[in-house]
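Here the structure comes first, spelled out in C-alpha cells, and everything after it is commentary.
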Amino acid sequence: MGLVLNINYSRLFSNTTINSFYEESRLAGNFPFFYTIVDIISYQREANLIGQAKHILNASLGYDYKKFSARFSTSYQGTKISGYSANADKDRFNQGFWRFDAVVKQKFGNNFNVFVNMNNISDQKGTNFFRSEDLVTSIERYGSTVTFGAEFIIR
C-alpha cells in the first residue's frame, strides 16, 4: 500500500563493422580517344547495430491503496539506425522519442476488477529520417488509445 516507483535504464555500446565498396572513375587517354578507368575501392566503417538505440529508459510512478491501483509510466528510446548505405551520410534512422501511458484499476471483492488503460497519451509519432533530423522521410502516427475493461477471475 502506497507509492510505487520503477526505473530501468539501459546504455548500449554495441557496434558492427560495415564492409562496403565504391567506384572511382577517371578519364584517360588523349582526345579523341578517351576511355574510362574504374577502380573498385573497398573500405570499412563502424556503426551502431540496426534497430538498437544507445539509450533506453522505462519508468513508472504509481499509487496503491487497498483495492485501488494507478500507474503513470514513460519510456524513452534514443535515435537508432534503421538502414545502412554505402556512405554513412545516407544512413537511415528512427528518431528518438518519449512515450507516456497510464492505467487505473479498481478491485471489487476477490474476483472482479475494472480497469482503464491509456496508451500513447502524448500521441507520439514515429519519425524516420536520413542524414539529419531535418530530412524526414516518413512519419508514422499510431494515435492514442484508451481501453476499458472488466475482469472476472475464476479460482
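Laboratory data are not the source of any read-out in this text; all were calculated from the coordinates shown. For clarity, every value in this text was computed on a predicted model and none was experimentally measured. Positions of Cβ are generated from backbone atoms using ideal geometry, with glycine treated the same way; all protein chains shown enter the neighbour counts.
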For this session: Using a Förster distance of 30 angstrom, determine the FRET efficiency expected from the C-beta separation of Asn128 and Glu24, and round it to 0.05.
Result: 0.45
Exercise. Hey, with R₀ at 30 Å, roughly what FRET efficiency would Phe108 and Ser144 work out to, going by the Cβ-Cβ distance, to 0.05?
Worked result: 0.65
Problem set entry | Mean projection area, nm², convex hull over Cα of the range 67-121 | 5.2
Exercise. When the scattering of the range 29-116 is computed by the Debye formula from its Cα atoms alone, each counted once and equally, what is log10 I(q)/I(0) at q = 0.25 Å⁻¹?
Worked result: -1.16
For this session: Between Tyr65 and Phe31, with labels modelled 7 Å along Cα→Cβ, what's the label distance in nm to one decimal, could you check?
Result: 9.1
For this session: Give me Lys105, Lys67 ranked fewest to most by other Cβ atoms within 10 Å of their Cβ, as a rough exposure proxy.
Result: Lys67, Lys105
For this session: Kindly flag which residue pairs out of Lys66/Lys125; Lys54/Lys125; Lys90/Lys125 have an alpha-carbon separation exceeding 27 Å in this structure.
Result: Lys66/Lys125
Problem set entry | Charge dipole of the range 17-132 about the Cα centre (unit charges at C-beta), most positive-ward option of Thr127, Gln52, Tyr76 | Tyr76
Seminar exercise, completed: Two pseudo-spin positions, 7 Å from Cα along C-beta at Gln95 and at Val116, lie apart in nanometres by 3.0
Seminar exercise, completed: Per its Cα gyration tensor (rounded if a/c is under 1.5, else prolate when a/b beats b/c, else oblate), the chain is best filed as prolate
